[in-house]
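Have a look at the structure below before the remarks.
The values are calculated or read from the model by the stated rules, or taken from the named source; none is laboratory data. Computed from a prediction, not measured in an experiment: that's the story for all the values here. Cβ atoms come from the backbone with ideal geometry, glycine included; neighbour counts cover every protein chain shown. For the accessible areas, the whole protein counts, side chains as well, though only heavy atoms, and no ligand, DNA or RNA atoms are used. Shrake-Rupley method; radii C 1.70, N 1.55, O 1.52, S 1.80 Å.
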Amino acid sequence: MENSIKTILMSEEEIKSITASLAEKITEDYKNSDKTLVVLGLLKGSLLFMADLIQRIPLPLEVELMKVSSYGKATVST
């Protein structure tokens, strides 16, 4: 699979840094809130990112996942 990658847009370290920064911002926004933090991800692409993100948020939270499709029951996009 590595041979099929033509261009790397962000390094692993950049992604980790951005994820940590986002988790800090979310934590700051919700730490004194009486609102429930719900992290919603779209299957399948967000799952690994969400796992990395929620591990860095030291708050109670709920995780929800959604599967969406633009095709419905058809074989061609609407």
Subject >> Close pairs from the range 3-27: first closer than 18 Å to I57 by Cα, partner among the basic types (K, R) and open to solvent by 90 Å² or more (accessible area, probe 1.4 Å), Cβ under 7 Å, at least 6 apart >> reply: T19/R56; A20/R56; A23/R56
Original post:
Hey, any hits in the range 66-75 for a residue that's surrounded by 12 or more Cβ atoms within 10 Å (Cβ to Cβ), touching a residue at least 12 places away in the same chain (Cβ under 8 Å) and either assigned to a helix (DSSP H, G or I) or of a type in the set (V, I, T) (or both)?
Top reply: no
**OP:** Provide a single number: the residues in the range 1-22 that are of a type outside the set (G, A, S) and outside any helix (DSSP H, G or I).
**Re:** 7
Original post:
Which condition does S17 not pass, out of (1) loosely packed, with under 11 Cβ neighbours inside 10 Å; (2) of a type in the set (S, T, Y); (3) modelled with pLDDT of 95 or more, if it passes all the others?
Top reply: (1)
Original post:
Can you name the residue in the range 23-65 that is in a loop (DSSP other than H, G, I, E, B) and open to solvent by less than 70 Å² (accessible area, probe 1.4 Å) and, of all such residues, is modelled with the lowest pLDDT?
Top reply: S46
